[in-house]
Amino acid sequence: MKTPKEDARVNSRNAEKRAQFARETRPFLTCKQVAYHLGVSLDTLRRMRRSKTGPRCRMHGATWVYHIDDLEAWSLAHAQGGDHD
């Protein structure tokens, strides 16, 4: 059985792989994909967009989209505690 620290490393590596795959294939994510990626509800993501406290986003046609690099930058800027290298 893995320790919590080992689980965190595996999850971190998986998130990095998902982000790299997104950059290479389709760097813009939908609201549903972003909510899943960040671990928040769609309603929370919408509130963050409206209050301008969430990740940078833009409209493509009638759809809000987020670039994976903007998500990573926002996430790093909001990291708290511990070592986040």
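Computed from the coordinates by the stated procedures, all read-outs in this text should not be read as laboratory data. These numbers were taken from a predicted model, which means no experiment stands behind them. All Cβ positions, even for glycine, are placed from backbone atoms using ideal geometry, and neighbour counts span all protein chains on display.
In what sequence, highest mean first, do 74-82, 61-69 appear when ranked by Cβ atoms within 10 angstrom? Can you show the working numbers first?
Values: 74-82: 9.6, 61-69: 14.8.
The peptides rank, most packed first, as 61-69, 74-82.
In a shell of Cβ-Cβ distance under 14 Å around Arg23, excluding Arg23 itself, what net charge do Lys and Arg (+1) and Asp and Glu (-1) give?
Details: positive: Lys17, Arg18, Arg26; negative: Glu16, Glu24, Asp69, Asp70, Glu72.
Net local charge, Arg23 excluded: -2.
As I understand it, the dipole of region 4-77 uses +1 on the Cβ of Lys and Arg and -1 on the Cβ of Asp and Glu, about the Cα centre. Which of Leu38, Ala15, Pro55 lies farthest toward its positive end?
Ranked along the dipole, the leading option is Pro55.
Averaging sequence separations of C-alpha pairs under 8 Å and six or more residues apart, then dividing by the length of region 4-77, give the relative contact order as a whole percent.
Working: 55 pairs, mean separation 22.3, N = 74.
That works out to 30 percent.
In Å, what Rg and Dmax follow from the Cα atoms of region 4-77?
12.8, 43
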